[in-house]
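To start, the structure under review is shown below, and the notes come after it.
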């Protein structure tokens, strides 16, 4: 059992076999930090992380600045040609959204067809598991309701104990 040292009302345990000379919370913290100091490879990885994050932040700043300056410089051209670009964007956006919804609908219909034909498409095992969990829960609720007269039968007095 390690011996404890008291200073007023607080007691301090020596860390890693410390002595009684420097038994303050700061000396204990210093010994703890020294025992967990990073190795040279960890310091190198921290330095690499710092340099790479700094480089990416610098490139982000350059990119945002270039985009803002380019937008300011090309704004007159954008305003003059907007009667042309707006209908183009609407037509292209409409075409892409209709095509995307059509593709999604075809994929859903194909998956459903393969699932009901027993071809086991991707994700069918998760669908079967969810269906069995829903069935098990529903049968549990039905059995409980049949046996005890329902979930809310004995709960009314719990909700209002004085009533």
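Take the alpha carbon gyration tensor of the range 53-93, find the square roots of its eigenvalues, order them as a ≥ b ≥ c, and report rounded if a/c is under 1.5; if not, report prolate when a/b exceeds b/c, else oblate. Oblate is the answer for the range 53-93, as a/c is 1.5 or above yet b/c matches or exceeds a/b.
If R0 equals 30 Å, the separation of the Cβ atoms of residue 74 and residue 53 corresponds to a calculated FRET efficiency of about 0.45.
Rounded, prolate or oblate, given the Cα gyration tensor of the range 29-144, with a/c below 1.5 counting as rounded? Judged from the Cα gyration tensor, the range 29-144 comes out oblate (a/c at least 1.5, b/c at or above a/b).
The numbers here are math on the coordinates, done by the rules we state, and not lab data. Bear in mind that the values here come from a model prediction, so they are computed numbers and not experimental data. Note: ideal-geometry Cβ built from the backbone for every residue, glycine included; neighbour counts use all protein chains shown.
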